[in-house]
Amino acid sequence: MRRSLINRSIVNGALTLLAVALVQCQSGTTSSGWQKKNDELIEQYKLTKRELTGVPQNGIPSNLEEGKVKSTATVDSAELYPGVKAKLFWGTGLMSAVITLDANAKIPEETLPADRLLFVMEGSVDQSINGAPVTMTALKRQAPDGENAGTPRTDFVYLEKGSKSALTAGAKGAKVLEVYSPFRLDYLTKAGVKNLPAEVKDVEATLEPNIKAGQVYDLYNVQLTPLAKGAHSRIISTKNVQLSFISMDPGSVFERHIHPEEQMMFVLRGGCDEILLDDEQAMKPGDVVRIPSNMVHGANIGDLGCDAIDMFWPARKDYLDKEKAAVSAFNSLIPADAKLELLIDGSKTKPGIIFGEGPKWMNGKIYMSSMYFDKDFNADPKRSSTLEIDPSGSYKAISAGKMQTNGLYPYKNGNLVVCDMMGHQVVEMTTKGQVVGVVANKYDGKSIDGPNDVITDAKGGVYFTDPQFTMEPTKFQPGRAVYYVSPDRKTVTRITKPNEFAMPNGIVLSPDGKTLYINNCYDDESWYPVKSEKDNYIWAYDVNPDGTISNGRQFAKLFLVDLVLDRKGRSSSADGMAIDKAGNIYVATYYGVQIFNNKGAFVGMINLPQFPVSLCFGDKDMKTLYIVSLNKVYKIRTNATGYINYL
């Protein structure tokens, strides 16, 4: 079940801040006044100082003072070409330009004097790369509701020095972020900087980029790399400069550390107390600081978390090593050459898909629900159906207009166990759509409310979640809960306390049947009636012989999106889950398909054009992951073998 949570993506909205308000700082001097204190702190915290060789000194003063947080303010724009204005900021070895282009404005073809990264922040551009045209786009996330599910997009490209580039803005104009290393002297001249040298030297020893020159990427397809506890980043590295789009959890701590690379940090969302030497300086959205080589620094993250762009010069090898390890772990499950494919567009084909849910593979077919919700999440069982999908993409309804089905699961006799959410029951249905029995419809003599997701164990028992996401204002049961139905269907046991979870949603068993996993969809929201201690976690429980559970513990922490963090919510919007034979868990969330290993460690993220609602493994080898969104079905090949409890 979903609710409108986000109006735009972290990165698109954050980069826009840079476009509208970049700092114009006093020209900084290369003062060594802080070095004595810095050396004392290095000794105090037992840090190891390193120096880089082959790093040029070009004698161009930065417009950002060393180790001083500055609030963003208006900055004079340099006009590059008619209808093309740039706001510039630079450190010692890299410079950035936020460029605003009027509708159809052009940057004529030029030979780039330095390596360049270009990110499309708003609108679209036609980028010519050595004479070859390509359209690059920025998309904002649609406000999710029962009908909209579009995810954000930020296209970027890396071009090497000497490449030929031209740019034309789309009909609505565009904003782009450029990052250069070394500097562009012509940009500095247009910004009014005087006494520039005749040329700017580059670093002597460069690193292998983690992206290919001339290839357009979407930032959201760059895997998140864990950097420290509570800190993950999308790392983009060229030969001589590195960008780290970092997100830090509320209340986390970045311990004092040093590195030989210069760093420019921009806070995009949330905030932190940035530790600079022995001082703490508050940083809020739009604040910027330049951290020289080997300056002691760290951060105490505020209660909203903190998203920032760190720009490093030269590129950091230690970050590249971490990024390679993260990508390797992800590619062990999702091959590097795997492509997300659109199998069905249910908005254009019949009988159609309206809020897809609960897919499961059985006997060569996928069975799933077309639940139906309108924009405001109003249900109508007459518009709901259960679908049978062939791996070729053809599909049909096996039941329509009889009940609002949600999660389903294969049963021991070849039938399906189906959650009839608005009918307040879990039923057994044949693959022809005939209901042949009721699995559960009451607990303690009262109707259950809205069964959501379901799974069976090896004994034939049935687990289901009931988040009470139903249309009746008054509920039958005292709170949201998870239930277990005995194999003989004579006993229904509530295995979690009412409202122990704010919204229990997805549920899955480990392949050995010993561990039950439950996720928590919503939590800590002013508009939601329940708050719990489960927060944005998948929880793990030991399964007892009678099907009850014990020893509940946090298993995996799910990523949250910006507006949830901004209101101090903990809604991950976690929904359907799948598991492979090795115990890796795949969970559908607004952020994407989040993947965790069998220890609960984050492995990676699958990005989709629409946010995923649920998913399952399928095909003869059980190595294809089928992912459903509101009206589409996607698939992607994996290196994992999915698990499902066929009986």
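So if we plug the beta-carbon distance of Asn551 and Ser332 into 1/(1 + (r/R0)^6) with R0 = 30 Å, what FRET efficiency do we get, rounded to 0.05? Kindly include the intermediate steps, with their values, before the conclusion.
Working: r = 29 Å, r/R0 = 0.97.
Efficiency at R0 = 30 Å is approximately 0.55.
Stokes-Einstein D for the stretch 341-637 at 37 °C, 0.692 mPa s, Kirkwood Rh over Cα pairs, in µm²/s?
Details: Rh = 18.8 Å.
It comes out at roughly 174 µm²/s.
Equivalent-ellipsoid semi-axes (√(5λ), Cα gyration tensor) for the stretch 348-447, whole Å, largest first?
Values: eigenvalues 92, 66, 18 Å².
Ellipsoid half-lengths, sorted descending, are 21, 18, 10 Å.
Report the full-extension gain for the segment Lys375 to Glu110: residue separation times 0.36 nm, less the Cα-Cα distance, to one decimal in nm. Each step should come with its number before you reach the end.
Values: separation 265, 0.36 × 265 = 95.40 nm, distance 4.77 nm.
Full extension from Lys375 to Glu110 adds 90.6 nm.
Please give the Cα centre distance for the stretch 168-230 versus the stretch 243-262, rounded to the nearest Å.
The stretch 168-230 and the stretch 243-262 have Cα centres spaced 20 Å from each other.
Got the relative contact order for the stretch 341-637 handy, in percent, Cα pairs under 8 Å and 6 or more residues apart? Present the calculation step by step, with values, prior to reporting the outcome.
Working: 834 pairs, mean separation 42.5, N = 297.
Relative contact order here is 14 percent.
Which of the residue pairs Lys70/Lys239; Lys164/Lys190; Lys229/Lys322; Lys412/Lys475 have a Cα-Cα distance greater than 25 Å in the structure shown? Please list the in-between numbers first.
Working: Lys70/Lys239 29 Å; Lys164/Lys190 21 Å; Lys229/Lys322 13 Å; Lys412/Lys475 32 Å.
Listed pairs above 25 Å: Lys70/Lys239; Lys412/Lys475.
Sorting check: for 385-393, 486-494, 363-371, which peptide has the highest mean count of neighbouring beta carbons within 10 Å, and how do the rest follow?
Working: 385-393: 18.2, 486-494: 14.3, 363-371: 21.9.
Ranking the peptides 385-393, 486-494, 363-371 by packing returns 363-371, 385-393, 486-494.
Quickly work out the Ala132-to-Val436 label distance, labels modelled 7 Å from Cα along the C-beta direction, and quote it in nm with one decimal.
Each label point is offset 7 Å from its Cα along the Cβ direction, giving 5.7 nm.
Using just the alpha carbons, could you tell me how many Å³ per residue the convex hull of the stretch 37-133 encloses? Please list the in-between numbers first.
Numbers: hull volume 18.4 nm³, N = 97.
About 190 Å³ per residue, rounded to a whole number.
Report the label-to-label distance for Lys490 and Asp278 in nanometres (one decimal), using points 7 Å from each Cα along the Cα→Cβ vector.
7.5 nm
Volume per residue, Å³, of the convex hull around the alpha-carbon atoms of the stretch 101-163?
97 Å³
Beyond a 20 Å Cα-Cα separation, which of these cross-linked pairs lie in this structure: Lys534/Lys557; Lys360/Lys442; Lys140/Lys212? Present the calculation step by step, with values, prior to reporting the outcome.
Details: Lys534/Lys557 10 Å; Lys360/Lys442 25 Å; Lys140/Lys212 25 Å.
Over 20 Å Cα-Cα: Lys360/Lys442; Lys140/Lys212.
Ignoring solvent entirely, what values of log10 I(q)/I(0) come out of the Debye formula for the stretch 221-263 at 0.23, 0.26, 0.32 Å⁻¹ when each Cα is a single scatterer?
Log10 of I(q)/I(0), two decimals: -0.92, -1.06, -1.18.
Rounded to the nearest 500, what is the 222 nm mean residue ellipticity of the chain from helices alone, with -39500 (n - 2.57) per DSSP H run of 4+ residues and division by all residues?
Details: 5 runs with 47 residues, N = 647.
Helices in the chain give a 222 nm mean residue ellipticity of -2000 deg cm²/dmol.
For the stretch 468-626, compute the orientation-averaged projected area of the C-alpha convex hull (one quarter of its surface), in nm². Mind showing how you got there, number by number?
Values: hull surface 43.6 nm².
Directional mean of the projected Cα hull area for the stretch 468-626 stands at 10.9 nm².
Let me check I've understood the local charge: for Asp390, count other residues with C-beta under 11 angstrom from its C-beta, Lys and Arg +1, Asp and Glu -1. What total comes out? Provide the component values of the computation, followed by the final result.
On the way: positive: Lys365, Lys396; negative: Glu388.
Around Asp390, the surrounding residues sum to +1.
Taking the Cβ of Lys623 as the center, what net charge do the other residues with Cβ under 13 Å away carry, scoring Lys and Arg +1 and Asp and Glu -1? Display every interim value, and only then the final one.
Working: positive: Lys581, Lys620, Lys635, Arg637; negative: Asp580, Asp619, Asp621.
Every neighbour counted, the sum reads +1.
So if I place +1 on the C-beta of Lys and Arg and -1 on the C-beta of Asp and Glu, and nothing else carries charge, what would the dipole magnitude of the chain be about its Cα centre? I want it in debye, nearest 20.
Rounded to the nearest 20 debye, it is 1400 debye.
Give me Asp524, Asp580, Asp102 ranked fewest to most by other Cβ atoms within 10 Å of their Cβ, as a rough exposure proxy.
Working: Asp524 19, Asp580 22, Asp102 14.
Going from least to most buried by this count: Asp102, Asp524, Asp580.
Take Asn597 and Ser394, extend 7 Å from each Cα along the Cα→Cβ direction, and tell me the distance between the two endpoints in nm.
The modelled label-to-label distance comes out at 4.3 nm.
Only helices at least 15 Å long along their own axis, judged from Cα atoms, and with Kyte-Doolittle mean hydropathy of 1.6 or greater: name those in the chain from DSSP H. Could the numbers behind the result be given before it?
Working: long enough: 10-20 (16 Å, 2.12); 317-331 (21 Å, -0.77).
The qualifying helices are 10-20.
Rounding to the nearest 20 debye, state how big the charge dipole of the stretch 10-331 is about its Cα centre with +1 on each Lys and Arg Cβ and -1 on each Asp and Glu Cβ. Provide the component values of the computation, followed by the final result.
Numbers: 34 positive and 41 negative charges, 81 e Å.
Result for the stretch 10-331 is approximately 380 debye, rounded to the nearest 20.
Using r as the Cβ-Cβ distance of Lys348 and Met471, and R0 as 25 Å, what FRET efficiency do you calculate, to the nearest 0.05? Each step should come with its number before you reach the end.
On the way: r = 29 Å, r/R0 = 1.16.
Efficiency, rounded to the nearest 0.05: 0.30.
Report, as a whole number in µm² per second, the diffusion coefficient that Stokes-Einstein gives for the stretch 184-325 at 37 °C and 0.692 mPa s using the Kirkwood radius over alpha carbon pairs. Display every interim value, and only then the final one.
On the way: Rh = 16.4 Å.
Result for D is 200 µm²/s.
Taking K and R as +1 and D and E as -1, what net charge do the other residues with C-beta under 13 Å from the C-beta of Val216 add up to? It would help to have the intermediate numbers written out before the result.
Numbers: positive: Arg153, Lys212; negative: Asp126, Asp155, Asp218.
With Lys, Arg at +1 and Asp, Glu at -1, the neighbours total -1.
How high is the FRET efficiency from Arg567 to Glu147, r the C-beta distance, R0 25 Å, rounded to 0.05? Let's see the in-between values first.
Numbers: r = 23 Å, r/R0 = 0.92.
With R0 = 25 Å, the Cβ-Cβ based efficiency is 0.65.
Return the equivalent ellipsoid semi-axes of the chain as a descending list in whole Å, where each equals the square root of 5 times an eigenvalue of the C-alpha gyration tensor. Please list the in-between numbers first.
Numbers: eigenvalues 495, 138, 87 Å².
Those come to 50, 26, 21 Å.
Can you give the three extents of the C-alpha atoms in the stretch 360-517 along their principal axes, from longest to shortest, in whole Å?
That gives 43, 40, 25 Å along the principal axes, largest extent first.
Which three semi-axes in whole Å describe the equivalent ellipsoid of the stretch 10-331, each the square root of 5 times a Cα gyration tensor eigenvalue, listed largest first? Can you show the working numbers first?
On the way: eigenvalues 172, 117, 75 Å².
Output for the stretch 10-331: semi-axes of 29, 24, 19 Å.
Rank these for me by crowding, Glu280, Glu199, going from fewest to most other beta carbons within 10 Å.
Ordered from fewest to most neighbouring Cβ atoms within 10 Å, Glu280, Glu199 come out as Glu199, Glu280.
Roughly how far apart, in whole Å, are the Cα centres of the stretch 428-488 and the stretch 292-323?
Distance between centres, Cα-based: 48 Å.
Suppose a student asked you for the relative contact order of the chain, using Cα pairs under 8 Å spaced at least 6 residues apart; what percent would you report? Could you put the intermediate results ahead of the total?
Numbers: 1808 pairs, mean separation 70.0, N = 647.
Relative contact order comes out at 11 percent.
Over the alpha-carbon set of the stretch 571-638, work out the extent along each principal axis and list the three values in angstrom, largest first.
Sorted from largest, the Cα extents of the stretch 571-638 read 31, 29, 15 Å.
Laboratory data are not the source of any read-out in this text; all were calculated from the coordinates shown. If you're wondering where the values come from, they're calculated on a predicted model, not measured in any experiment. With ideal geometry, Cβ positions are generated from the backbone for all residues, glycine too; neighbour counts draw on all protein chains shown.
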